[in-house]
Amino acid sequence: MHIVLFSESYPPITNGVAVSVNTLRRELRRRGHRVTVVTAQHAQASPQEEGVIRLPSFSWLFAPDYPLPQPRPLPQLHRFFRENRVDVIHVQIPFLLGVEGMRLGQRYGVPVVAHYHTLYDRYLHYVPILPEGALRALLWWHLRRFYRRAQATIVPSRFARQYLERFGVRPRHVEVIPTGVQFHPLQVERQEARERYGLSPERPVLVYVGRLAREKNLNLLLEMLPLVRREVPDVLLWLVGGGNAEKALHTWIQRRGLTESVRLQGRVPHEQISAVYAAADLFVFPSVTETQGLVLWEAQAHGLPCVVVDEGGAPESVRDGVDGLLVPNESTAFAQAVVRLLRDSALRQQMSQNALCAPRLNPEEMTERVLGVYQQVLGRSA
């Protein structure tokens, strides 16, 4: 089977969509399928990428780290579709390249599977070209029209499916398939990990791993931290990742006098992330804009109990009271949950053991389910 994946987000970009697309591509190829990725040019991309078509791109002023393909790069893509047999088109993002993928599918009679990864209405601050109300109405009009045109739609969680339905988006056929996560065994012991990052052996460490961005609700962590410090004075909040909110967070930390209690680590290569989890005591996750909880699965796979805001799709990755705690989007409740787990070492250890065996989808299982969707749309189009 020849599958063409259309996605603006693809490595070297680092976000959930890029991880999902790259994982799917790798697993499909392992099964002997031909996979072509259509994406945007990126200054840090490898000059030799097998099966990747990179289209001319431009930098968007409000999100310079995410190059966008230039509008209507049709000649190159038309030539590719005329010269190659394509069985399925899988569009990952319903905008520039997604629209092109949909058009090409209709033009060449190729069934299209669409993916819904992101709560796009929570990211409108990156597109300040219209008043937010008008932009939101235009967005939902487009999404309703876009997903109705696909032969099938994949969503990563029940929450994502319900979110689409809430705003009147009714695709023809919907499958809930979370992104499979590759779990790496602990590569370092706690003591070694703490020494690597200059952490004292007994200091309580809360870790967040992810983008540092406005939509991640990181202010909640900074608001709850002083409340935790009243009970656990030496606690450290460790923010691992990069993003456009990093400078604002640094300013907030200095103004609130939290420089001794918060560490901005910056980005850590994924192959080294096991040491981060090994050095921490709890994983804290305040985001309310997730469609799934990939990073939570990763933290659990390293034995970290999670404290998570009970909104969005992330809570589907946590068993409340078993391998983590779900809390309201409020600083006092979040702080109380953190203090409870830091003080109760027996409970924390039990949740750690439960987290290690939490149910999770691996890349192989995800790919088998995606292939099932491909077979369904091929059968309907035959």
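A few comments on the model shown:
- Taking the range 247-281 as the range and being under 30 Å from GLU189 (Cα atoms) and among the charged types (D, E, K, R) as the test, the residues that pass are GLU260, ARG263, ARG267, GLU271, ASP281.
- Per the listing ALA248, ALA299, the residue uniquely crowded, with 20+ Cβ neighbours inside 10 Å and either within 26 Å of ALA18 (Cβ to Cβ) or within 16 Å of the chain's Cα centre (by Cα) (or both) is ALA299.
- TYR277 vs. criteria crowded, with 18+ Cβ neighbours inside 10 Å, in contact (Cβ under 8 Å) with a residue 24 or more places away in the chain, part of a helix (DSSP H, G or I) and outside the structural domain of PRO111 (by TED's automatic domain parsing): yes
- Among strands (runs of 3 or more DSSP E) entirely within the range 27-133, having at least 1 residues that are assigned by TED's automatic domain parsing to the domain that holds SER7 and within 22 Å of ARG380 (Cα to Cα) singles out 34-40, 88-91, 112-115.
- Taking the conditions (1) assigned to a helix (DSSP H, G or I); (2) of a type in the set (A, V, I, L, M); (3) surrounded by fewer than 20 Cβ atoms within 10 Å (Cβ to Cβ) in turn, VAL268 satisfies each one other than (1).
- Identity of the residue in the range 154-166, part of a helix (DSSP H, G or I), of a type outside the set (D, E, K, R) and in contact (Cβ under 8 Å) with a residue 40 or more places away in the chain, that ends up surrounded by the most Cβ atoms within 10 Å (Cβ to Cβ): ALA160
- Any hit, the range 193-211, residues being of a type in the set (Asp, Glu), within 30 Å of GLN265 (Cα to Cα) and either buried (at least 21 other Cβ atoms within 10 Å of the Cβ) or over 23 Å from the mean Cα position of the chain (by Cα) (or both): yes
- Taking the numbered list (1) at pLDDT 95 or above; (2) of a type outside the set (Val, Ile, Thr); (3) in contact with a helix residue (DSSP H, G or I) (Cβ under 8 Å, 6 or more places away or on another chain) in turn, ARG229 passes all entries but (3).
- Filter pass, VAL169 being under 23 Å from the mean Cα position of the chain (by Cα), in a loop (DSSP other than H, G, I, E, B) and more than 22 Å from SER317 (Cα to Cα): yes
- For beta carbons closer than 7 Å, sequence separation of 6+ or different chains, a first residue in the range 138-153 that is touching a residue at least 60 places away in the same chain (Cβ under 8 Å) and of a type outside the set (Phe, Trp, Tyr) and a second that is part of a helix (DSSP H, G or I) and crowded, with 16+ Cβ neighbours inside 10 Å, the qualifying pairs are GLN151/VAL377; ALA152/VAL373; ALA152/GLN376; ALA152/VAL377.
- When the residues of the range 348-368 are filtered to those that are surrounded by fewer than 16 Cβ atoms within 10 Å (Cβ to Cβ) and part of a helix (DSSP H, G or I), the one that is modelled with the lowest pLDDT is LEU356.
- Within the range 292-311, the residues that satisfy the criterion of being over 18 Å from GLN349 (Cα atoms) and modelled with pLDDT under 95 are GLN292, GLY293, LEU294, VAL295.
- Qualifying residue in the range 282-289 (condition: part of a helix (DSSP H, G or I), under 23 Å from ARG343 (Cβ atoms) and modelled with pLDDT of 95 or more): no
- Options LEU104, LEU28: the member that is touching a residue at least 60 places away in the same chain (Cβ under 8 Å), of a type outside the set (S, T, N, Q) and crowded, with 16+ Cβ neighbours inside 10 Å: LEU28
- Pairs meeting the criteria (first residue in the range 326-347 and closer than 16 Å to ALA280 by Cα, second residue modelled with pLDDT under 95 and assigned to a helix (DSSP H, G or I), beta carbons under 7 Å, at least 6 apart or on different chains) are lacking.
- Members of the range 300-314 that are over 15 Å from LEU221 (Cβ atoms) and in contact (Cβ under 8 Å) with a residue 40 or more places away in the chain: GLN300, ALA301, HIS302, GLY303, LEU304, PRO305, GLY312, GLY313
- Tally of residues being assigned to a strand (DSSP E or B), β-branched (Val, Ile, Thr) and touching a residue at least 24 places away in the same chain (Cβ under 8 Å) across the range 172-224: 3
- Among the numbered conditions (1) surrounded by fewer than 19 Cβ atoms within 10 Å (Cβ to Cβ); (2) at pLDDT 90 or above; (3) over 30 Å from LEU130 (Cα atoms), the only one that GLN41 does not meet is (3).
- The condition of being more than 20 Å from THR14 (Cβ to Cβ) and assigned to a loop (DSSP other than H, G, I, E, B) holds for only one of THR251, THR259, that being THR259.
The values are calculated or read from the model by the stated rules, or taken from the named source; none is laboratory data. Note that the coordinates shown come from a computational prediction; the quantities given were computed from them, not determined experimentally. As a convention, Cβ positions derive from the backbone with ideal geometry for all residues, glycine included, and neighbour counts pool all protein chains shown.
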